[in-house]
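Worksheet: the structure to be examined is printed underneath.
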Amino acid sequence: MKLKLLSTALVTTVALSACKSTPEEDMSLPVGFEQQAQLMPLKRPVLTLTDEAWHQAIGPFQLTNMDLSSKSTEKVSTSTGWQTTARGGLLFQLMFHDEVNLSGDVVNKFNTRAEQSFSFDLQAQGAAAVHAECQILVFGQGEETLDNGVNSYNWQTSEQQLSYLGCKLTQDGQVSTLVVEDKAGTAPVYKLNQGSTALTVSPVQEVPELAKYNSFFQGGEYGYLVGDGQNTNAALQLSLDQSRLWVSKDLPAATQQWYVAALFSLQMYDWQNRQWPVSSPTH
């Protein structure tokens, strides 16, 4: 297991403490499913000096053998040139006595690529473990000012354009797959197969009434309903620190175990697909 840097852990602790909020209300569930579903809270560790911090009981199941890689990033310059702008304009000059905005900046435009992998086992007494092996890929674009010997400030922007999650779930010799493609400006695509059986993943919007009228509100799901096309068998409510997972108690124990592993993989994607660092450019 990998030992994380103490400074990173302390920053994570402060950041998560600042984001703590009162628990959200439970996500709306289909009536028939809600009446016979078992609720299983998920825990995001505050301090992650080692990967064992992710280990936890999820209902009757135990998450073990977490192996979370660090985030590797790279950026490649696509062009560098003089960009004349009036960033801030007259008000900026009056407030800060800085006229550099009218002179412009040497700006480097770049493409970014980042990735991270994780794997874990979900175990149950007397049953074969579900082994999940996942990879996240993220692509984006950005800009940054370069030192031109004139301006007294620098700025950098980075925008995520596309991210992927790919998972392989293995249980008692059966291999299943989970793929997510999230492209800016379009609805994410979800593909989940339990063996050769395709399942449905239906995103839940926190404010569906607004999402119908403005595509802006469709960014970022509130949770997911997962089923076989006729029945909802499991659900996940995404949250930074109050995540909840439901699984139908009518399902066989091994199937419940598989659904928990698949939905925990989706939750890990949501947790990890944030605040990607931007490395130095390569030319």
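Brief remarks on what is shown
- Cut-off 17 Å (backbone N to label point 7 Å along Cα→Cβ of T200), residues of the range 34-48: 34
- Between L162 and V46, the FRET efficiency estimated from the beta carbon spacing at R0 = 41 angstrom works out to 0.85.
- Computed over protein heavy atoms with a 1.4 angstrom probe, the accessible surface ordering of L29, L122, largest first, is L29, L122.
- Full extension of the chain between S28 and D228 gives 70.1 nm of extra length, using 0.36 nm per residue less the Cα-Cα distance.
- Extension reserve of the Q135-Q36 stretch, reckoned as 0.36 nm per residue once the Cα distance is removed: 32.3 nm
- On the beta carbon distance between V189 and S79, with R0 = 30 Å, the FRET formula returns roughly 0.45.
- Surface share of carbon and sulfur [accessible, 1.4 angstrom probe, percent] for the range 231-280: 43
The values are calculated or read from the model by the stated rules, or taken from the named source; none is laboratory data. As the structure is a computational prediction, the values presented were derived from the model and not from experiment. Note that each Cβ is placed from the backbone with ideal geometry, even for glycine, and that neighbours are counted across all protein chains shown. For the accessible areas, the whole protein counts, side chains as well, though only heavy atoms, and no ligand, DNA or RNA atoms are used. Shrake-Rupley method; radii C 1.70, N 1.55, O 1.52, S 1.80 Å.
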